[in-house]
Amino acid sequence: MLIDELSKIMIGIIRTGVILRFTVCMIAMQKADDEMEGIKKRIINLIVFYIIAESIFQLKDILFYYFSNT
């Protein structure tokens, strides 16, 4: 199914982006002591984004499962 393939690709891109962004933030935390609060806020926003993105795709799967059986 085309939608499932596209959603798997998007999930992979989102996961890769989150991992790379987290790595960049951790490297920035090691180098810049004066910007710690801003970097921590970016990491928190990144975690919130990841949770929301994963939830959207899980909700999509639940809805497709529910409506395909009725």
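None of the figures in this text is laboratory data; all of them are computed from the coordinates on show. Computed from a predicted model, the values in this text were never measured in an experiment. Note that each Cβ is placed from the backbone with ideal geometry, even for glycine, and that neighbours are counted across all protein chains shown.
Here is how the numbers come out for the structure above:
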{"read-out": "Exposure proxy order (Cβ contacts within 10 Å, fewest to most) of LYS41, LYS31", "value": "LYS31, LYS41"}
{"read-out": "Helix-only CD estimate at 222 nm, as mean residue ellipticity for the chain, using -39500 (n - 2.57) per DSSP H run (n ≥ 4)", "value": "-32500 deg cm²/dmol"}
{"read-out": "Test item: Cα-centred dipole of the chain, Lys/Arg +1 and Asp/Glu -1 on Cβ, debye", "value": "40"}
{"read-out": "Shape box of the chain [Cα atoms, principal axes, largest first, Å]", "value": "57, 17, 9"}
{"read-out": "Helix 2-31 vs. the chain, principal-axis angle (Cα, 0 to 90°, nearest 10)", "value": "10"}
{"read-out": "Helix axis angle, 36-68 relative to the chain longest principal axis, alpha carbon, degrees", "value": "0"}
